[in-house]
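Read through the structure below, which is laid out as structure tokens, and then see the notes.
The values are calculated or read from the model by the stated rules, or taken from the named source; none is laboratory data. Here the structure is a predicted model, which is why all the values come from computation and not from measurement. With ideal geometry, Cβ positions are generated from the backbone for all residues, glycine too; neighbour counts draw on all protein chains shown. The accessibility values were calculated without ligands, DNA or RNA, using every heavy atom of the protein model including side chains. Shrake-Rupley method; radii C 1.70, N 1.55, O 1.52, S 1.80 Å.
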Amino acid sequence: MPRSVNHVASRAKRKRILKLTRGYYGARRNVWTVAKNTWEKGLTYAFRDRKNKKRNFRALWIQRINAAARLEGLSYSRLMGALHAQGIEINRKVLADLAVNHPEAFKAIVAKVK
């Protein structure tokens, strides 16, 4: 009896991954093993960089808050310490947005904690 191989499924699997690697450079686009390795490594980078994105945005918010706080005569750490001491629970994202887009509201918050 001849050997039975499911070519339909294996070809479909290859086509699916090669479709995902469209736009890659050179052999990364159309050579099966290279394309598969590139695609898998891309998933690893995507997972890692979703974490790094959060880290980068937090650093950006802290820089913006620090710059705005120093215009008011406070450092970032003193401002955050004073906010916590006063019991004002406002996160860094919102505080950075106020510092950039609504400086008068940021000044009011700083005046409250001084």
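The phi-based Karplus calculation (6.51 cos²θ - 1.76 cosθ + 1.60; θ = phi - 60°) puts the 3J(HN,Hα) values of the range 77-82 at 5, 5, 5, 5, x, 5 Hz, whole numbers, x for Gly and Pro.
Order 99-107, 52-60 from most to least packed using the mean count of other Cβ atoms within 10 Å. The partial results should precede the final answer.
Working: 99-107: 14.3, 52-60: 11.2.
Ranking, from highest mean packing down: 99-107, 52-60.
If we count every other residue with Cβ under 14 angstrom of Ala108's Cβ, Lys/Arg +1 and Asp/Glu -1, where does the sum land? Taking every Cβ under 14 Å from that of Ala108, the sum is +1. Close amide H contacts of Val31 (hydrogens built in the peptide plane, cut-off under 5 Å, sequence separation of 5 or more or a different chain): none are found.
How many percent of the accessible area of the chain is carbon or sulfur, using a 1.4 Å probe?
On the way: 4870 of 8920 Å².
Carbon and sulfur atoms account for 55 percent of the accessible area of the chain.
Convex hull volume of the Cα atoms in the chain, per residue, in Å³?
Working: hull volume 19.4 nm³, N = 114.
Looking at the chain, the number lands at 170 Å³ per residue.
How much accessible area per residue does the chain have, in Å², with a 1.4 Å probe? Display every interim value, and only then the final one.
Details: 8920 Å² over 114 residues.
In whole numbers, the chain has 78 Å² accessible per residue.
Ordered by residue, what ³J(HN,Hα) values in Hz, to whole numbers, does the range 61-69 give under the Karplus form 6.51 cos²θ - 1.76 cosθ + 1.60, where θ = phi - 60° and Gly and Pro are x? So the J values, rounded to whole Hz, are 4, 5, 4, 5, 5, 4, 4, 5, 5.
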